[in-house]
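Here the structure is laid out as structure tokens; the discussion comes afterwards.
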Amino acid sequence: MTAHASGDKRFKILEAHIKKFQARQDALIEVLHKAQELFGYLEDDLLLFVAHRLKLPPSRVYGVATFYHFFCLKPQGAHTCVVCLGTACYVKGSAKVLAAAEAAAGIKSGETTPDSQLSLLTARCIGACAIAPAVVYDGQVAAKQTPEMVLAQLEKWREPCKATT
Amino acid sequence: MAAKTLKIDGRQVSAAEDTTVLDAAAEAGIRIPTLCHLEGVYDAGACRLCLVEVAGTAKLLPACTTLVAEGMEVVTQSDRLRRYRRMTLELLLAERNHVCAVCVANGHCELQSLASEHGIDHVRYDYRFPRWGVDATHPRFGLDHNRCILCTRCVRVCWHIEGAGTKNVAGRGAKSFIIDDLNQPWGDSESCTSCGKCVLACPTGALFDRGSTVGEMERDRTKLEFIVNAREKKQWIVSE
Amino acid sequence: MEGTMQGDDLAAIAEKHQGSRRKYCLRTCMSAGCMSSRADAIKKGLDAEVKAQGLEGEVEVRRVGCMGFCGLGPLVGLDGMKEREILFEHVTPEDAPAIIRAVQAKDHGLQVADPDHPFFSKQMRVVRANGGIIDPERIEDYVAANGYRALYHVLTDIRPAEVVEEITRSGLRGRGGAGFPTGLKWGTVAKSPGARKFVVCNGDEGDPGAYMDRSILESDPHLVLEGMAIAAYAVGADQGFLYVRAEYPLAISRLQTAIRQAKQLGLLGGGIFETPFTFNVDIRIGAGAFVCGEETALMASVEGRRGTPRPRPPFPAERGLWGCPTLINNVETFANIVPIINRGAAWYAGIGTERSKGTKVFALTGKVQNNGLIEVPMGITLRQIVEEMGGGAIGGAKVKAVQTGGPSGGCIPAEYLDTSVDYESLTKLGSIMGSGGMVVMDDSTNMVEIARFYMDFCRDESCGKCIPCRAGTVQMFELLEKILSRKATARDIAMLEELCDLVKHTSLCGLGQTAPNPVLSTLRFFRNEYTELLQPEPAGECAASGQ
Ligand SMILES: Cc1cc2nc3c(=O)[nH]c(=O)nc-3n(C[C@H](O)[C@H](O)[C@H](O)COP(=O)(O)O)c2cc1C
Ligand code: SF4
Ligand code: SF4
Ligand code: SF4
Ligand code: FES
Ligand code: FES
């Protein structure tokens, strides 16, 4: 049996991962983690695939996927900027960092720019509190960020040709 | 099974050891307000209206999930409990859009009757006026999210009595909502058997039979009880 | 090859490992904090420089976990010098040649931290003893530091009930927030009937502004695994789960490495140390929900469901994962087990206060000079932590309050800095010990804003199952907004207090039950900041507030 009608190889990888858990229903969250890692986000088709393979009602899969904020059901931008709004970062001014990023990108946190270039997100502490305020640019944690620094990074992403190092 | 003797509102009550305080009280003719409890379906302990005071315990305990114990002294009515119940109901009324005057369940709604029982003539909290829609895609039933109190009674009957697993809660916190399958229109649901149990279970006007107009949505819960007894206890209790 | 390990083998591993040691050791912090400032490039630079200078026989460059003083990072420690260790601060990859000069006792001109600084000298390292010393990705390092000896001792010399007794005698209380006596919990699980039992390590660390558990997991993963194994033996479990939040990828990967290595050496798996004891550990990755730190929600999540709490009783100790008796402890709680077994309950009970024993790790952050992780004996005062170790507020400002316990805790005003850090004293002040977040606020902080910040957090993180928390946090947040926008009257404060009372006493789980704490504590100590924002009561409306 082919993994998925589309023939997309990623479904095969996901299928193998599901097998590793013997298609156990309690592995749903592990499987969703893998699915998001492979596909970037969880679209309906993918959630339905997971439901079928784990023999779970779709409502359960959807309920779980929307309960946990780590899972996203919409595509993310090419770059992601995650501003930490944990307490340590907050008292050191991360709200201003976020406001600057929102103003520059023209979107609110949780949104993606219309050109799909940037997703602006927030986190509730990433465990880097001693170097607050912390911002995660494309998975890389940056320490002691200021509004100027976040603007510089967004600028750098916007003009990739200029950012030669 | 060993029987336990306890006191509820000063009255001596005896009940089997795996009985809940709620059932023991009901047996003795003492009614404790509930919203998420539904006879025959496992309890969630979610609405917190059934909280009671138990001597020797600092915390208030939900009657629906607390088992009776020997020598237990339970108080189901006090100024404090009434105040809490009233506030909880007010919070519910302010949370979504409960406009009883135009509701199909007007006059047959558990939220409405509890509110009037608790003397709520106005709500002191700011109405949130969230924008929730109505799903009218199912040929026989409808779901008006504006009137949903997230008691999950529909979810529990659909999973545990019907076994279809069509309904669930999506999202979390105040943004939670009831879904069918992958949050798709109810009418498109592949798993729904159109059994109507969820509609029978709903305490408010959120789930309704299509075609009912204001005040018409009266539910015959005995139907639900019949099915629950038949499936869970293998007892078919028909009326004489 | 699995399950062939014996006590002597541990010694052999340790000895062999000692033999491979060099005269000098450059310990490079590779924990999340320092990694954010190119710590990996620093290690590469040092490796290259050592090679270039042909010093491989003399200098070891070791990847280590968190050294604590994260605010000064990236940090590199140098051992083996004639006098004492040197700790280089704010290191850059370009500093590698200078550091090698320091090894050669030449002029290096780098910034170094003062080892006599109270930030270090006032610490007492029990659970963090190996942090920043050993390589967390090499089990040999842990074994050489006496690792897995406690497990060997327990499995071969002590009965499970005696292990429970030892932990009870130590006076250890849970480090996840509530401070429940650990020995008592273990005893309950041990006594609960069940064909299968589970041990769960709670590494959800949801308090925003705290990273003690992350640091322990990243710096000394085997310490936690060994603690879990001892617990499993004591309560009769054969399977463990480590629940770690997805925000901690480095901790997750180090744990995966640690579990793999422990299995290879037969320290996890079947027949450990040639005894009948079997223990396996699986990692479960959280997915961004604070409420999953609550034990019943955590179990729902481990079972792959929505992380909504359920009423207790039944407690997990009686009916936990898949209905089986389950022991749930916090990361730091498990990290305390090995030292207690190795050094004895009496030694442990000698540290701390009457009712709070041992040490506690805190993440000292916020508007304080010295940011970082500290491990201190219980009973130390907040003043010693904030003023001596932390060096007081930044830039000559004054400390206004110290927040402990995160969204479940409260703000302790500067007047109470002489309070002893123990479970009871902090609770008396309307806060809690919490898991170890300690955020310092200076006099520029608006306390009503802080209250709103936490309420926003709770409103966002409420699972939505019960009404008081789901709808109450929303209304409380709106009232705080109203107060901050100067539109509220005294009646709104009364409504806020009434809601705090409701949510605290009627919510289903700890999240709701403690959500009002930041509001209540700021109202208690900084009420004037609220009243200053109020509008006078509009005339004529008072009559309606008869209730
Ligand atoms: C909302 C909420 C969040 C919690 N978060 C955590 C957490 O992140 N880590 C933790 O160890 N315990 C957390 N707890 C406490 C756990 O429920 C549980 O008591 C603890 O893990 C028990 O371990 P201990 O006895 O070793 O402290 C939380 C509790 C609540 C109510
Ligand atoms: S009609 Fe029956 S199957 Fe369909 S959602 Fe309702 S309870 Fe479930
Ligand atoms: S639709 Fe009705 S039964 Fe279902 S959760 Fe809402 S109020 Fe309860
Ligand atoms: S108190 Fe809050 S988090 Fe806990 S069960 Fe209720 S709604 Fe969920
Ligand atoms: S508060 Fe931002 S990293 Fe912890
Ligand atoms: S009926 Fe008990 S909590 Fe709702």
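The values are calculated or read from the model by the stated rules, or taken from the named source; none is laboratory data. Please read these numbers as outputs of a predicted model, since none were measured by experiment. Neighbour counts run over all protein chains shown; Cβ positions are idealised from the backbone, glycine included.
Taking the numbered list (1) without any contact (Cβ under 8 Å) to a residue 60 or more places away in the chain; (2) more than 9 Å from every other protein chain (Cβ to nearest Cβ); (3) among the polar types (S, T, N, Q) in turn, C:Asn446 passes all entries but (1). From the list C:Glu481, C:Glu497, which one is among the acidic types (Asp, Glu), away from ligand 5 (no atom under 16 Å from the Cβ), under 21 Å from B:Arg80 (Cβ atoms) and within 14 Å of another protein chain (Cβ to nearest Cβ)? When all the criteria are applied, what remains is C:Glu497. Is it the case, given these coordinates, that C:Cys34 is within 14 Å of chain A (Cβ to nearest Cβ), assigned to a helix (DSSP H, G or I) and buried (at least 19 other Cβ atoms within 10 Å of the Cβ)? So C:Cys34 fits the description; yes.
In this entry, C:Ala262 is excluded by the filter for residues that are more than 13 Å from the chain's Cα centre (by Cα), hydrophobic (A, V, I, L, M, F, W, C), surrounded by fewer than 18 Cβ atoms within 10 Å (Cβ to Cβ) and more than 16 Å from ligand 3 (Cβ to nearest atom). Screening B:Leu51 against (1) farther than 22 Å from B:Asp144 by Cβ; (2) within 16 Å of ligand 2 (Cβ to nearest atom) leaves a single unmet condition, (2). Here B:Leu38 clears all of (1) exposed (fewer than 14 other Cβ atoms within 10 Å of the Cβ); (2) part of a loop (DSSP other than H, G, I, E, B); (3) away from ligand 4 (no atom under 16 Å from the Cβ) except the condition numbered (1). Across the range C:182-216, the number of residues qualifying as in a strand (DSSP E or B) and among the hydrophobic types (A, V, I, L, M, F, W, C) comes to 4. Among what's in the range C:228-244 and is in a strand (DSSP E or B) and either in contact with a Lys or Arg (Cβ under 6 Å, 6 or more places away or on another chain) or of a type in the set (A, V, I, L, M) (or both), pick the residue that is farthest from C:Phe277 (Cα to Cα). Filtering first and then ranking leaves C:Val244. For the residues C:Gly176, C:Gly147, the requirement of being under 25 Å from C:Ala251 (Cβ atoms) and at pLDDT below 95 singles out C:Gly176. One residue stands out among those in the range B:93-120 that are in contact with a Ser or Thr (Cβ under 7 Å, 6 or more places away or on another chain) and part of a loop (DSSP other than H, G, I, E, B): the one that is modelled with the highest pLDDT, which is B:Cys109.
Considering only residues in the range B:59-78 that are within 12 Å of another protein chain (Cβ to nearest Cβ) and more than 22 Å from the chain's Cα centre (by Cα), the one that is farthest from B:Gly10 (Cα to Cα) turns out to be B:Lys59. Reported count of residues in the range B:51-92, each being within 16 Å of ligand 3 (Cβ to nearest atom), in a loop (DSSP other than H, G, I, E, B) and of a type in the set (A, V, I, L, M), is 0.
In the range C:98-181, counting only helices (runs of 4 or more DSSP H) that sit wholly within it, the ones holding 1 or more residues that are more than 28 Å from C:Val244 (Cβ to Cβ) and acidic (Asp, Glu) span C:149-157, C:160-170.
Give me the residue from the range C:504-515 that is closer than 20 Å to C:Cys292 by Cβ and surrounded by 24 or more Cβ atoms within 10 Å (Cβ to Cβ) and, out of that set, nearest to ligand 6 (Cβ to nearest atom). Write out each step before concluding.
The first filter runs over the range C:504-515 and keeps only residues closer than 20 Å to C:Cys292 by Cβ, leaving C:507-515.
Filter once more, keeping what is surrounded by 24 or more Cβ atoms within 10 Å (Cβ to Cβ): C:507-508, C:511-512, C:514-515.
Details: C:Ser507: 11, C:Leu508: 8, C:Leu511: 16, C:Gly512: 13, C:Thr514: 19, C:Ala515: 18 Å.
By that ranking, first place goes to C:Leu508.
For the range A:16-53, give me the residue count where each residue is basic (Lys, Arg) and either surrounded by 15 or more Cβ atoms within 10 Å (Cβ to Cβ) or assigned by TED's automatic domain parsing to the domain that holds A:Leu118 (or both). Let's see the steps before the verdict.
The first filter runs over the range A:16-53 and keeps only residues basic (Lys, Arg), leaving A:19-20, A:24, A:34, A:53.
Checking the rest, the ones that are also either surrounded by 15 or more Cβ atoms within 10 Å (Cβ to Cβ) or assigned by TED's automatic domain parsing to the domain that holds A:Leu118 (or both) come to A:34, A:53.
Going through the range A:16-53 one residue at a time, the tally reaches 2.
Of the residues examined, B:Ile227 is not one that is within 14 Å of chain C (Cβ to nearest Cβ) and over 15 Å from the mean Cα position of the chain (by Cα). Among residues that are among the β-branched types (Val, Ile, Thr), within 16 Å of ligand 4 (Cβ to nearest atom) and either under 28 Å from the mean Cα position of the chain (by Cα) or surrounded by 21 or more Cβ atoms within 10 Å (Cβ to Cβ) (or both), C:Val448 is not included. Please determine whether any residue of the range B:6-23 is in contact (Cβ under 8 Å) with a residue 40 or more places away in the chain, touching a helix residue (DSSP H, G or I) at 6+ places or on another chain (Cβ under 8 Å), more than 10 Å from chain C (Cβ to nearest Cβ) and within 16 Å of ligand 3 (Cβ to nearest atom). Checked against the condition, which is being in contact (Cβ under 8 Å) with a residue 40 or more places away in the chain, touching a helix residue (DSSP H, G or I) at 6+ places or on another chain (Cβ under 8 Å), more than 10 Å from chain C (Cβ to nearest Cβ) and within 16 Å of ligand 3 (Cβ to nearest atom), the range B:6-23 yields no hits at all. Among the residues of the range C:354-370, just one is within 28 Å of C:Ala161 (Cβ to Cβ) and of a type in the set (Val, Ile, Thr), namely C:Thr359. So which residues in the range B:115-168 are within 30 Å of B:Arg231 (Cα to Cα) and within 16 Å of ligand 6 (Cβ to nearest atom)? Passing the criteria: B:Cys148, B:Ile149, B:Leu150, B:Cys151, B:Thr152, B:Arg153, B:Cys154, B:Val155, B:Arg156, B:Val157. Cβ-Cβ contacts under 9 Å between residues 6 or more apart (or on different chains), taken from a first residue in the range B:41-66 that is without any contact (Cβ under 8 Å) to a residue 60 or more places away in the chain to a second residue that is aromatic (Phe, Trp, Tyr), are listed as B:Arg48/B:Tyr84; B:Leu51/B:Tyr84; B:Leu60/B:Tyr84. Considering only residues in the range C:255-274 that are aliphatic (A, V, I, L, M) and in a loop (DSSP other than H, G, I, E, B), the one that is nearest to the other protein chains (Cβ to nearest Cβ) turns out to be C:Leu268.
A single member of C:Gln403, C:Gln475 is closer than 24 Å to A:Ala95 by Cβ, surrounded by 23 or more Cβ atoms within 10 Å (Cβ to Cβ), within 14 Å of chain B (Cβ to nearest Cβ) and of a type outside the set (Ser, Thr, Tyr), and it is C:Gln475.
The single residue among C:Gly132, C:Gly147, C:Gly174 that is assigned by TED's automatic domain parsing to the domain that holds C:Asn336, touching a strand residue (DSSP E or B) at 6+ places or on another chain (Cβ under 9 Å) and touching a residue at least 40 places away in the same chain (Cβ under 8 Å) turns out to be C:Gly174. Exactly one residue among B:Thr66, B:Thr76 is under 28 Å from B:Ala206 (Cβ atoms) and within 10 Å of ligand 6 (Cβ to nearest atom), and that residue is B:Thr66. One residue stands out among those in the range B:200-223 that are in contact with a Lys or Arg (Cβ under 6 Å, 6 or more places away or on another chain) and outside any loop (DSSP other than H, G, I, E, B): the one that is farthest from ligand 4 (Cβ to nearest atom), which is B:Leu200. The residues of the range C:275-306 that are within 10 Å of chain A (Cβ to nearest Cβ), touching an Asp or Glu at 6+ places or on another chain (Cβ under 8 Å) and in contact (Cβ under 8 Å) with a residue 40 or more places away in the chain, listed by number, are C:Arg284, C:Ile285, C:Gly286, C:Gly288, C:Ala289, C:Phe290, C:Val291, C:Cys292, C:Val302.
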